[in-house]
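Just passing along the structure, written as structure tokens.
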Amino acid sequence: MKKTGAKLIIEAMKKEGVEVIFGYPGGSVIPIFDELYHEPSIHVVLTRHEQGAVHAADGYARSTGKTGVCLVTSGPGATNTITGLATANFDSVPIVLLTGQVIRPMIGNDAFQEADMVGISRPVTKHNYLVNDRAHLGQTLKEAFFIANSGRPGPVVVDLPKDVVNEQLDDEYPETISIRGYNPVYVGHAGQIKKIAEAIKVSKKPVFYIGGGIHISGASEIFRKVVEKTKIPTISSLMGIGAIRSDHPLYLGMVGMHGTYASNMAMTETDLIIGIGTRFDDRVTGDLGKFAPHAKIIHIDIDPATIARNVTVEIPIVGDARQVLEKLMPLLHPADIDEWREIVSGWKKDYPLPDEEGKEIMPQRVVKEISEIFPEAIITTEVGQNQMFAALYYNFTKPRTFLTSGGLGTMGYGFPAAIGAQMGNRNKKVIDIAGDGSIQMNIQELATAVQEGLPVIVAILNNGYLGMVRQWQQIFKNSRYAATCLMRRPECPFHCEGKAGSWCHLYTVDFVKLADAYGAVGMRVTKPEEIKPALEEAGKSKDKPVFIDFIIARESNVFPMVPPGAGINEMLLGKEK
């Protein structure tokens, strides 16, 4: 029986198990939305911006392990997704994005709302398609889902001319797929895996260094068994947080620019790094010339292009982290490294994270109280100080519970990602830890959260600054706070250098009134003793988002911090060290 392209798209969604689509309609995709109108098994979330739709699909995918799906129109509707695609691409998140396109005869003629989505999205996607033949639509969609969630996952764009969407054909969505030249390797080379065991056996100072690949491959459980069998100290990247409990005695914390003292020192002194599902990016390594000077490096990753890109690797292994670890486990024995464990334990004990207290609300305390009251929440973040405070001070206990833009560093990610995570995890508490600058990047999605009845909590660490940039200006620019004060008004002195005066306004944005205007719940917290009651009250909400505006100390900083160009062992530890 003949069917339109739009109807085949819905058939594809159902066969791929799609339960929710995030999107925004427009002229080119009306036929698809019209088919969704008749399909009760797929829930359509109308976001208020296309960037929000992709971040929401991203949060859904990261927290559930499923593929996130978005549907937007042509032209600006499509181009508005680019930041979300780049965010997902950097962090290996499976997304299928369907974009509308003008009819085929008008492509290249500057038609209304035409954009070359294939050309624009190519650098920020795993793959993309322009469907220029209705007969290829089903095959293309099948390939898109397969590519997005296989090998190293990533976003795939399918650009759909409106006449393809409307054209009728007698076809079915294919059950299987085979893509010539695309064969991800999941099983690591047995000989190379044996070399890992041999290297561990002779190492005196080994460390595991884990990244987001542990989450993606579902390797957390087998990795924990490997750690407990070998008793090797473990370090994570930002993306690896949650793969092992933050309070595990062998976990040293995050490494890199804002890494813990113990992690940065262990990475510097180690003689063997077993890197799993991680990229060794520049925020981890610091000055490459000073990075892990004594170490042999083993690198396990499913993407061969990632291995040895930034560091010299002696034992490369291409494969899925879980499958490699399962093969490795029987070859391992407890490591004879008592002296090394004693050294790293000493670093961990002697250099804990700064624990600031005072009359004002300190952001570290807010995050720790969130951790105590909601110990198994899904935490999303924006980007900046809020991201680092969450990474360092929340006690993560489960995989896929820390959602953050690690590679691209996208402000405005956290709130729509929280919406997506809540859509995929209705029975879990989802909390976005945000800054007062970053939350405003996609604050329009508050309408989406209200409309969907999502009890997402947004903890705004409000210091009236773009906090992380201000921190850099304080440390490296002698407190010249150029364009980072969010309270600045025309009547302010030209050079106020952050000194409070009678000209300062208390709230640049009244988030309590804003929440009320959208139909959400708004609270303001100005004293430390009010933190816990406010969080407990917010936790009672079952069908409304809650904004908690924490008025924090204006110049609180994130430490440790590695200055630009320094080695990761050359940390600034804050005023108390």
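The values are calculated or read from the model by the stated rules, or taken from the named source; none is laboratory data. All of these numbers come straight from a predicted model, not from anything done at the bench. When we count neighbours, we look across all protein chains shown, and the Cβ atoms used for this are built from the backbone with ideal geometry, even at glycine. Each accessible area value is taken on the protein alone, full model and side chains, heavy atoms only, with ligands, DNA and RNA left out. Shrake-Rupley method; radii C 1.70, N 1.55, O 1.52, S 1.80 Å.
Which residues does a label at Val185 reach in segment 308-341, if reach means a backbone N under 20 Å from a point 7 Å past the Cα toward the Cβ?
308-329
Another question, then. Using only Cα atoms, what is the ratio of the radius of gyration of segment 1-157 to 2.2 N^0.38 Å? Before the final figure, lay out each step's value.
Numbers: Rg = 14.2 Å, N = 157, 2.2 N^0.38 = 15.0 Å.
Compared with the compact-globule rule of thumb, segment 1-157 sits at 0.94.
Could you tell me which residue out of Pro174, Tyr186, Gly154 lies farthest along the dipole of segment 140-197 toward its positive end? Charges go on the beta carbon: Lys and Arg +1, Asp and Glu -1, centred on the Cα centre.
After comparing all options, I get Tyr186.
Taking amide H positions as placed 1.01 Å from N in the peptide plane, with prolines and chain starts having none, which residues 5 or more places from Lys3, or on another chain, fall under 5 Å of its amide H?
Leu169, Asp170, Asp171
If you don't mind, another one. Would you kindly calculate the translational diffusion coefficient of segment 96-142, applying Stokes-Einstein with the Kirkwood radius from alpha carbon pairs, for 4 °C and a viscosity of 1.567 mPa s, and quote it in µm² s⁻¹ without decimals? If you can, show how the numbers build up before the last one.
On the way: Rh = 11.8 Å.
For the chosen part, D equals 110 µm²/s.
Contour minus end-to-end for Lys540 and Trp503, with contour as 0.36 nm per residue of separation and end-to-end as the Cα-Cα distance?
On the way: separation 37, 0.36 × 37 = 13.32 nm, distance 3.81 nm.
So the chain would gain 9.5 nm between Lys540 and Trp503.
Follow-up question, since we're still on this one. Report the extension gain between Ala483 and Glu339 in nm, rounded to one decimal, defined as 0.36 nm multiplied by the number of residues separating them, less their alpha carbon distance. Before the final figure, lay out each step's value.
Values: separation 144, 0.36 × 144 = 51.84 nm, distance 4.95 nm.
Contour length minus the Cα-Cα distance gives 46.9 nm.
Separate question: Fully extended, how many nm does the chain gain between Leu572 and Thr397 (0.36 nm per residue separation, minus their Cα-Cα distance)? Mind showing how you got there, number by number?
Numbers: separation 175, 0.36 × 175 = 63.00 nm, distance 2.80 nm.
Using 0.36 nm per residue and subtracting the Cα-Cα distance, I get 60.2 nm.
I need the Debye-formula profile for segment 123-176: one equal scatterer per C-alpha, no solvent, reported as log10 I(q)/I(0) at q = 0.19, 0.28, 0.30 1/Å, two decimals.
-0.67, -1.11, -1.19
Pop out the Kirkwood hydrodynamic radius of segment 411-482 from its pairwise C-alpha distances, inverse of mean 1/r, in Å to one decimal.
Details: mean 1/r = 0.0748 Å⁻¹.
The answer is 13.4 Å.
Given an 8 Å cut-off on Cα distances and at least 6 residues of separation, report the relative contact order of the chain as a percent. Working shown, then result.
Values: 1302 pairs, mean separation 80.8, N = 577.
Averaging sequence separation for qualifying contacts and normalising by length gives 14 percent for the chain.
Check the straight Cα-Cα distances from Lys477 and name the lysines below 18 Å, setting aside those fewer than 8 residues away within the same chain.
Cross-link targets: Lys499, Lys575.
Given points 7 Å out from each Cα along the Cα-Cβ axis, report the Ile30 to Arg245 separation in nanometres with one decimal.
Label at Ile30, label at Arg245, 5.7 nm between them.
Another question, then. Could you report segment 1-110's accessible area per residue, 1.4 Å probe, as an integer in Å²?
Computed with neighbouring chains in place, this is 34 Å² per residue.
Principal axis extents for segment 395-541, Cα atoms only, whole Å, descending order, please.
For segment 395-541, the Cα extents along the three principal axes come out at 49, 34, 30 Å.
222 nm [θ] for the chain, helices only, -39500 (n - 2.57) per DSSP H run of 4+, per residue, to 500? Before the final figure, lay out each step's value.
Working: 22 runs with 197 residues, N = 577.
Rounded to the nearest 500, the figure is -9500 deg cm²/dmol.
So how far apart, in nm, are the two label points at Lys204 and Lys359 if each is 7 Å from Cα heading toward Cβ?
5.4 nm
Which aspartates and glutamates does Lys229 reach when only Cα atoms under 19 Å apart count, and residues fewer than 8 places away in its own chain are ignored?
In chain and number order, the partners are Glu198, Glu221, Asp247, Glu326, Asp336, Asp338, Glu339, Glu342.
Sorted by mean Cβ packing within 10 Å, highest first, what order do the peptides 478-485, 122-129, 375-382, 412-419 take?
Numbers: 478-485: 14.1, 122-129: 18.6, 375-382: 24.8, 412-419: 31.9.
Listed from highest to lowest mean packing, they are 412-419, 375-382, 122-129, 478-485.
Of Lys195/Lys225; Lys7/Lys398; Lys66/Lys126; Lys428/Lys532, which ones are farther than 28 Å apart at the Cα?
Flagged as over cut-off: Lys7/Lys398.
Would you mind working out the accessible area per residue for segment 147-190, using a 1.4 Å probe, and quoting it in Å²?
Values: 2260 Å² over 44 residues.
I get 51 Å² per residue for segment 147-190.
Let me ask something else. How large, in percent, is the carbon and sulfur part of the accessible surface of the chain at a probe radius of 1.4 Å?
Working: 12140 of 23280 Å².
The C+S portion of the solvent-accessible surface of the chain is 52 percent.
Where Rh denotes the Kirkwood radius from the mean inverse Cα pair distance, what is Rg over Rh for the chain?
Values: Rg = 24.5 Å, Rh = 24.9 Å.
Taking Rh as the inverse mean 1/r over Cα pairs, Rg/Rh reads 0.99.
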